[in-house]
Amino acid sequence: MSDLDILARLMGAFYIYGGYAALRIMLFDREMDGLLTLLEMKPRHPRERIRRILLTTGAILTGFSGMALLTLSVWAAPLFALGLTAQIIWLVWAQFRYRPEDETEARGRRQTIIAALLYAVVTVFVLRGAHEGLLLPWNAPLPLAALAGLGLVGGLYIFNLKKKMRGSALDDFADPDVDMPVDDREEQPFRQPLRVRLAPDLDGCTIFDADDSRFLDAEAYLPSDLARHVNGWNVRYQLARHLHGSDTSAVFDNAQALQTFREEGEAIARALEELYGAGNVEGPIYDVELTAKPAPGL
């Protein structure tokens, strides 16, 4: 295996992971849009759906082009060309219809442009390799099996992720146009707790009875203004968990965003104390570590 083959395979592996990471972000972005729709009591702007379609298409093409390059298949040529086209369409459309609203978004857009330029360089490299006959033919069995396997694994991943979300607070708001199944659990009588726990978690729950750990729906147990505040605070936590975080962390865009989130949690805890009495509120308690992205240049 030549050094050029090794480089190509490494780039292929990089784009497989890049496609996976981008697709995961888009899946959770869809869930968050549904939740924000409910909280704000108004539909999201149509451009949000167009943005999600364009970026999801680009993520899928990035993953498949990476797999084709990893297996040194000539399929990499059309897949990279399509992936680059999808990225160009997104950047041109975003320039006119989805302009950055602050410096953080502007920095993210610049990073996207740089990534697209790098992808374009790799695309030229792949097209040249295909033209010079350095890649395996269309019907080579190993690349075809790898691409089919990626499609199967990707489909199962999306299915399992959606299944995991089903039943959680995120899934309840995933798509307002889809009828959700009726909860067949026996209806529990309304019972105000004596003590509460403020503890946002991965499933979208936020407030619990501190004595028996049952989940408390903020809309049912709290004044409407406080309930909206709690739900909006939870949205920011879910975004930090799903878009940037992991199983052990929630990552905020910057230190200021993290500090603001912590202060909101403390303010909510104080508001709960006014309802349930001093000493009757636990938290805020977080199930993972809260961190912030490092400042640029660090």
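The values are calculated or read from the model by the stated rules, or taken from the named source; none is laboratory data. Every value quoted in this text rests on a predicted model; they were computed, and no experiment measured them. Counting neighbours? That spans all protein chains shown, and the Cβs are built from the backbone with ideal geometry, glycine included. We work out accessible area using only protein heavy atoms, side chains counted, and drop any ligands, DNA or RNA first. Shrake-Rupley method; radii C 1.70, N 1.55, O 1.52, S 1.80 Å.
Here is a yes/no grid of residues against (1) part of a helix (DSSP H, G or I); (2) open to solvent by 40 Å² or more (accessible area, probe 1.4 Å); (3) at pLDDT 80 or above:
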site: Phe28; (1), (2), (3): yes, no, no
site: Met32; (1), (2), (3): yes, no, no
site: Lys42; (1), (2), (3): no, yes, no
site: Ile50; (1), (2), (3): yes, yes, yes
site: Phe64; (1), (2), (3): yes, yes, yes
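Scanning the stretch 90-149 for residues that are modelled with pLDDT of 85 or more and among the polar types (S, T, N, Q), we see that the one that is surrounded by the most Cβ atoms within 10 Å (Cβ to Cβ) is Thr123.
Looking at the stretch 66-87, which of its residues are assigned to a helix (DSSP H, G or I) and touching a residue at least 60 places away in the same chain (Cβ under 8 Å)? Write out each step before concluding.
If we filter the stretch 66-87 for residues that are assigned to a helix (DSSP H, G or I), which is where we start, we get 66-70, 76-87.
Hits for the stretch 66-87 are Met67, Ala68, Leu69, Leu70, Ala76.
I need the full set of residues from the stretch 241-286 which are of a type in the set (Val, Ile, Thr), modelled with pLDDT under 85 and open to solvent by 70 Å² or more (accessible area, probe 1.4 Å), in order please. Hit for the stretch 241-286 is Thr248, nothing else.
Pairing each residue of the stretch 88-114 that is assigned to a loop (DSSP other than H, G, I, E, B) with any residue that is open to solvent by less than 90 Å² (accessible area, probe 1.4 Å) and of a type in the set (A, V, I, L, M, F, W, C), provided the two are 6+ apart or on different chains, yields C-beta distances under 8 Å for Pro100/Ala106. May I ask you to verify whether Asp203 is closer than 20 Å to Phe28 by Cβ, modelled with pLDDT under 80 and assigned to a loop (DSSP other than H, G, I, E, B)? Answer is yes for this residue.
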